[in-house]
Ligand code: GAL
């Protein structure tokens, strides 16, 4: 088994080298503890804190609209310096304008309230890549399947705002299958179901945008969608133009009623991808052929920002049949695909099940699966975040219990997923039912320990050969807020199916 050596690159004369408890270390440690505590406090209290993506991609000459997710006591005063020419800061604190030519543009946003102030640098990359960090949002399929409507989607958007999810970086509200009218219009343009969406999709998109969020839609590379609605095949141009006119920000493109071969799949995804690219709007392209043709090798070439690695997820921790993918089987498959993930090109492990408790119409397999425990949902969230999957919740956001909110809205875990290095976690250990993953971060590393066994287990890093961890980090347990001064001297106790996630923040001398 390859051994993993963590390179902490501490200078030889480091004050910290082998001297953990010196005074300077303690001071830094206490400072970091302070900033961590503030991220765990109530979302509308305390000084402003930025969340979500700070590296954002747009296509050249397409409209830009950026809402800055910030927690902290309201009101918050926002100022922006260095905005590209002709872009503007709006009343609601968002920035809008038109993307220029290919290139990098940086600006700084400062946020101030009665209790403090902070600033965040934003990097805008105008080019071919969108989703430079994994998309955060919600999708209608798992729980609601065909029962979607304008009213319900607006309520979900409201819930995303009112729960605080938006201010932690969640952005996309994605309509899945069954938004369609029985037929296209006489010119071949797509139409929504008039009973479900009486005011049309543009009206819905305007509403969603007015909340600082983005709207996604669903279609299929076959003549029909998987739910037998009209598909996109042969209508790519008119669909992309219509989506752009509606103000759509993301398209999930499925693969039912389409030829089996990889060649055909690649060609069909490329046709739709190109149509989106030429639509005049930056529309994220989500490739959903269930990982059957190794899309990690070709989906990016069709302009895909992410691709499903498996068939549909089911609300079950572990299940032997491959047609029904469990949390564990998706994890095992996707951890092998690490080298294909990079900013703007992600392995999609399918929607989050957190809070579904077996109630998802699609994911319970007609009541066969009763759902996960909260400990398992927490593991699922931790591992999807570590492996840089898109994080698309699918529960009814209007009725989340406290456990679901806690799991979906952990600022530190979300920051690990949104880290701008965009490195998918690497599995560094698999022993006695414990799997350990390590994800390099811009300011340190994140480590996750998963107990796959049905009994409580203890784990210590001293059990790992060649795991060299110097002590130049502050170490924080993402889920319970515990701080550790050393990994070497700590034994971690893991409940059955529990995942402990540690964020190790590099300390500067
Ligand atoms: C499946 C897809 C699901 C959902 C469904 C809609 O193929 O994997 O996520 O979109 O189709 O019919």
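What follows is calculated from the coordinates using simple rules that are stated; it is not laboratory data. Just so you know, these numbers come straight off a predicted model, no measurement behind them. Because the Cβ atoms are built from the backbone with ideal geometry, glycine has one as well, and the counts that use them run over all protein chains shown.
Considering Cα pairs under 8 angstrom that are at least six residues apart, work out the relative contact order of the range 49-126 and quote it in whole percent. RCO, the range 49-126: 39 percent. The C-alpha atoms of the chain define a longest principal axis, and helix 262-277 lies at about 80 degrees to it.
Taking every pair of alpha-carbon atoms in the range 237-287, what share in percent sits in each 10 Å bin, from 0 to the bin with the longest distance? Calculated P(r), rounded to whole percents: 27, 52, 20, 1. Axis angle, to the nearest 10 degrees, between helix 150-162 and the longest C-alpha principal axis of the chain: 20 degrees. Per the Cα gyration tensor, the chain maps to an equivalent ellipsoid with semi-axes of 37, 27, 21 Å, ordered largest to smallest. Any idea how far the Cα center of the range 115-129 sits from the one of the range 167-218, in Å? Cα centres, the range 115-129 to the range 167-218: 28 Å. With the highest mean first, a sort of the peptides 395-401, 65-71, 256-262 on other beta-carbon atoms found within 10 angstrom per residue produces 65-71, 395-401, 256-262. Note on residue 491 and residue 430: the extension gain reaches 20.3 nm, defined as 0.36 nm multiplied by sequence separation minus the Cα-Cα distance. Panel order for 443, 101, 348, by other beta carbons found within 10 Å of each beta carbon, from fewest to most: 101, 443, 348. When the P(r) is computed for the range 49-126, the part past 22 Å accounts for 20% of the Cα-Cα pairs.
Computed over all pairs of different Cα atoms, the Kirkwood value for the hydrodynamic radius of the range 244-368 is 15.5 Å.
In plain terms, the C-alpha convex hull of the range 136-417 casts an average shadow of 13.4 nm² when viewed from every direction. The packing ranking of peptides 349-360, 265-276, highest mean first, is 349-360, 265-276, where packing means the average number of other beta carbon atoms within 10 angstrom of each residue.
Overall size of the range 166-218 from C-alpha positions, given as principal axis extents largest first: 42, 19, 18 Å. For the chain, the longest principal axis of the Cα atoms and the long axis of helix 236-246 meet at an angle of about 70 degrees.
For the pair the range 439-487 / the range 274-342, the C-alpha centres are spaced 28 Å from each other. Under 18 Å from a point placed 7 Å out from the Cα of residue 260 along the Cα-to-Cβ direction: which residues of the range 286-319 have their backbone N that close? Taking a point 7 Å out along Cα→Cβ of residue 260, the residues of the range 286-319 whose backbone N falls under 18 Å are 289-295, 311.
Pairs of C-alpha atoms in the range 424-509 farther apart than 15 Å represent 57 percent of all such pairs.
What the pair-distance distribution of the range 196-246 shows, using all Cα-Cα distances binned every 10 Å from zero, is 24, 45, 29, 3 percent. For the range 379-434, the normalised intensity computed at q = 0.26 Å⁻¹ comes to -1.08 (log10 of I(q)/I(0), Debye sum over alpha carbons, equal scatterers, no solvent).
Directionally averaged projected area (the range 103-178, Cα convex hull): 7.3 nm². According to the Cα-based calculation, Rg over Rh for the range 159-286 is 0.98, with Rh computed by the Kirkwood formula. Note: relative contact order over the chain, using C-alpha pairs below 8 Å and six or more positions apart, is 14 percent.
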